[in-house]
Amino acid sequence: MKMLEIYRLKKENLADRLASSQSLYETCSVINEAFESMTYQYLAKNGRQLEFPLKNAVDIARASFPLLESARKYRLWENAGAKKKRPAPGLICAFAGFALVFLTLGYYMFLYDIKLRQAKNWLLAVLAGCLLIFISGFMLFFRRKAKISVEISADISKALGKLEETAKEIDKFMDRYLQRQQRQQARQSENTDPQLMQLFSYLLEGKLSGDADFMSEQISLAEEYLGQHGILALEYEKGREAYFDFLPSRENKTIRPAIVKNGALLVRGLAGMVQQ
């Protein structure tokens, strides 16, 4: 069963769960659970022997899935806005306006000999103006830092589409893996010679039986088999030193024959040699 087939069976339920997610973090949790569930079903249908390559494929898919990298970054921006400015300019402006109004009022009261009770209405108007100047100074020059926080959410249709593409990529990965396995098995079967396997079987039979004559017959068959493939088992004699390792001995003799094919050494032999 393919990963894409498993995904399509889950798609409707998965869409409902994604739609009901309250945040990007919940959306990513649903996607992670979907990966785990699909992996479990895939192995249940196709065998646990595929666990290692499938885990690699799923890990790669998760790493390349854009939403999963943002699971804990679900704030688009925060604390953005006007910067807090110093209140000094506003206060200075308000104080200057306040002083200007009162100095002007005092000057005209002194110039025209106006009594305080006669200037009552003027004084109230001046006080109101000063208050407005003070408030405007704060409004213009003293702004609090605006706190803005926006939460992003996933596009459900795009998330489902990306999951489907990911399931297809996992299937391609697993198909390539299975094809490599099949090619390796085919090569192994091609390299296995039935005649050689039969010969090994007879040699093992001779070992277990303890029959020396039977064992001797199988060894002769082994020599014939090697000869059919152009492979020679050479015993030691003068001129073949390059094919052998040597041990001290009371006489020159072959301990283990050298295996040679077309003059090329395959397995070095071992011989005993009298020390001069």
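Starting from residues that are of a type in the set (Asp, Glu) and under 22 Å from the mean Cα position of the chain (by Cα), keep the ones in region 1-47 and report whichever is nearest to Asp175 (Cα to Cα). Can you show your working first?
Narrowing region 1-47 to residues of a type in the set (Asp, Glu): 5, 12, 16, 26, 33, 36.
Filter once more, so that each one left must be under 22 Å from the mean Cα position of the chain (by Cα): 26, 33, 36.
Values: Glu26: 32, Glu33: 24, Glu36: 20 Å.
My answer is Glu36.
Of all residues in region 1-59, those that are touching a residue at least 40 places away in the same chain (Cβ under 8 Å) and aromatic (Phe, Trp, Tyr) total 3. Tell me the residue from Gln49, Gln41 that is modelled with pLDDT of 85 or more, assigned to a helix (DSSP H, G or I) and among the polar types (S, T, N, Q), please. Unique residue meeting the criteria: Gln41. Cβ separations smaller than 6 Å between residues 6+ apart or across chains give the following pairs from region 237-252 residues that are touching a residue at least 12 places away in the same chain (Cβ under 8 Å) to residues that are loosely packed, with under 13 Cβ neighbours inside 10 Å and outside any helix (DSSP H, G or I): Pro248/Gln275; Asn252/Val274.
The values are calculated or read from the model by the stated rules, or taken from the named source; none is laboratory data. A quick note: this is a predicted structure, and the numbers were derived from the prediction, not measured. Every residue, glycine as well, gets a Cβ built from its backbone with ideal geometry; the counts of neighbours run over all protein chains shown.
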